[in-house]
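The structure appears below as structure tokens.
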Amino acid sequence: MLSGLGQVLEFMYTAKLTLSSQNVEDVSAVATFLQMQEIVNACTAYQTLAVSSSETSANDSATCKYIPND
């Protein structure tokens with residue numbers, strides 16, 4: 001859970017979110033608890049892509065940059 005909290009804190013300060021198969025569930029849990037829907041949505045999208053991709057391995061990760069809608 002600590003890695004999830006660290007990723008959420010990084011996102012809060014930098015708008016950068018790094019997801020991997022190792023941290024996506026923890027990040028999603030922390031974001032759900034803190035009611036940060038943008039991160040929950042990113043985690044859901046990452047998990048959906050990981051499941052649908054036949055090339056996914058344990059070392060794959062994705063970095064997302066949040067761009068707010070103006």
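Read the figures in this text as sums done on the coordinates, not as results from a lab. Please read these numbers as outputs of a predicted model, since none were measured by experiment. Here the Cβ positions follow ideal geometry from the backbone for every residue, glycine too, while neighbour counts run over all protein chains shown.
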- Message: At 25 °C and a viscosity of 0.890 mPa s, what translational diffusion coefficient does Stokes-Einstein give for region 1-53, taking Rh as the Kirkwood radius over Cα pairs? Give it in µm²/s as a whole number.
- Response: 229 µm²/s
- Query: When the Karplus curve 6.51 cos²θ - 1.76 cosθ + 1.60 is applied with θ = phi - 60°, which whole-Hz ³J(HN,Hα) does each residue of region 19-25 get, with x for Gly and Pro?
  - Reply: 10, 9, 5, 7, 10, 4, 5
- Note on the structure: In the neighbourhood of Val30 defined by beta carbon distances under 14 Å, the net charge of the other residues (Lys, Arg +1; Asp, Glu -1) is -4
- Task: Express in nm, to one decimal, how much length is gained between Glu10 and Phe33 on full extension, taking 0.36 nm for each residue of separation and deducting their alpha carbon distance.
- Result: 6.6 nm
- Using θ = phi - 60° and the Karplus curve 6.51 cos²θ - 1.76 cosθ + 1.60, what whole-Hz ³J(HN,Hα) does each residue of region 31-40 get, with Gly and Pro shown as x? 5, 5, 4, 8, 6, 9, 4, 4, 6, 4
- Message: Suppose each label sits 7 Å from its Cα in the direction of the beta carbon; what would the Asn41-Gln22 distance come out to in nanometres?
- Response: 2.9 nm
